[in-house]
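The values are calculated or read from the model by the stated rules, or taken from the named source; none is laboratory data. It should be emphasised that the depicted structure is a prediction, and the values quoted were computed from it without experimental measurement. Here the Cβ positions follow ideal geometry from the backbone for every residue, glycine too, while neighbour counts run over all protein chains shown. For the accessible areas, the whole protein counts, side chains as well, though only heavy atoms, and no ligand, DNA or RNA atoms are used. Shrake-Rupley method; radii C 1.70, N 1.55, O 1.52, S 1.80 Å.
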Amino acid sequence: MKKRVFASLLVALGLSFSTVCHASEGISTNTIAGWPAGPEITSTAAVVMEDSTNTILYAKNMDQPLYPASAVKIMTCLLTVENCSLSDPVTITDTGLEGATDGGANIAAQLDETFTVEQCLYAVMVASANDIALQLAEHVGGSVNTFVQMMNTRAQELGCTNTLFTNPTGMPDENQHVTAHDMALITQAAIRNDTFRPMFSALNYTIPATNVSGGDRVLSSSFTMTNSASDGYYEGCIGGKEGFTEASGSVLMCAASRNDMTLIAVVLNGASGQTDDEAITILDYGFGQFRKADLGKDDFSVLSGGTVILPAGIDESQITFQDVPVEDRFERTYYYGEIPIGTAVAQPVTQEDPSLNEEGTANLQAARAYSQAHSNAPYYLIAAAGILLLLLLIRKIIKIAKS
């Protein structure tokens, strides 16, 4: 037990030290030559990622591990929709009741009360209900611990490199941490799921009377960026999630679509009441300073993909690419400088046999040499004689016609 406590203290100290050391590192994307300068924000870490290409437009300490708060619930809901039917019944056990007494948000679920999976998902996303998040974990995984293992496995599958989940609610735990980049990848998977997406954007939801409760539960979200009546409303925002604990500070994940682009923004360890403003600031930067281009439309070798994200003033001629052979095709990555900005699948372009090219060149040179070595005078004399004979023949015909 002492070793476990000591290890937890070391992790907590490491995260605290990391926060102090990285706070002054600044915006790493501002060091890219030719990249538009990104805005300064006060939150410790943030990222803006374009959805179709995974291009990182803005990065501030995006790989720094930080406490996640309710950001965890996006993974909780993603795993649920990937493993359950919305109509499946979920009955509250002692596991769910623990979430109603842990000091976090809840919907006061009662023992043996039954909801559908769909109702549970809205309760987690709209009301950030810890009791329901715990009950979903048990429902999906058989136990909370098994579900947490599933969360970490799924994070690795999505490409997360520095994320560790220890519970499905986001309640403080010294060992639980995420990064802004990892949360962007998790949010990306969530918004690409058609079942989850309506829950990501919902501001209100009503759970009708259950087998235990005597009336409706009307749930409301505090997320401002999709609320047109709020000062924090952002046009084009398709959904998001905010959270706060003393350890994590304010966290926010969202996605927005404009100008044929969908951008995912994550802000971690910010000041309460400011993360939505800072998310708007970096989203405006992304939409204002970058554009989408399709390199595949004029390249017959591209089988799929070919979309790239470029700084607004950059011409396509400044793009390079690298092909990696995979079976009978190439996996192509496009670059601006050393920054990956898009991918494609390309087919090999058939090349002519060099020996045939050499033989053809040799024959062409021989023909030219022959022409240069021989005079064209005999051909001119033959042509002149032919014309003279033709004229004489015409004259003879005219005389006969007159006579």
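Which value results for Rg/Rh of the range 79-157 when Rg is the Cα radius of gyration and Rh the Kirkwood radius based on the inverse mean 1/r?
0.95
Ignoring ligands, DNA and RNA, please state the percent of accessible area on the range 129-255 from carbon and sulfur, probe 1.4 Å.
Of the solvent-accessible surface of the range 129-255, carbon and sulfur hold 44 percent.
Hey, what did the range 109-228 get for relative contact order, percent, Cα under 8 Å, at least 6 apart?
Reported as a whole number, the value is 27 percent.
Putting +1 on Lys and Arg Cβ atoms and -1 on Asp and Glu Cβ atoms, find which of Ile107, Asn145, Val124 reaches farthest to the positive end of the dipole of the range 75-146.
Result: Val124, furthest along the dipole toward the positive end.
Tell me, what is a quarter of the convex hull surface for the C-alpha atoms of the range 203-307, in nm² with one decimal?
Hull-based average projected area comes out at 11.1 nm².
Would the range 119-243 count as rounded, prolate or oblate if I go by the C-alpha gyration tensor, calling it rounded below 1.5 in a/c and otherwise prolate when a/b exceeds b/c, oblate otherwise?
Oblate shape, in that a/c is at least 1.5 and b/c is the bigger or equal ratio.
Return one whole number: the accessible area per residue of the range 99-248 in Å², for a 1.4 Å probe.
I get 40 Å² per residue for the range 99-248.
Sort the range 131-202 into rounded, prolate or oblate with this rule: let a ≥ b ≥ c be the square roots of the eigenvalues of the Cα gyration tensor; rounded if a/c is under 1.5, and if a/c is not under 1.5, prolate when a/b is larger than b/c, oblate otherwise.
It comes out oblate by the Cα gyration axes.
How many nm is it between the label spots at Asp298 and Asn175, if each spot is 7 Å from the Cα in line with the beta carbon?
5.5 nm
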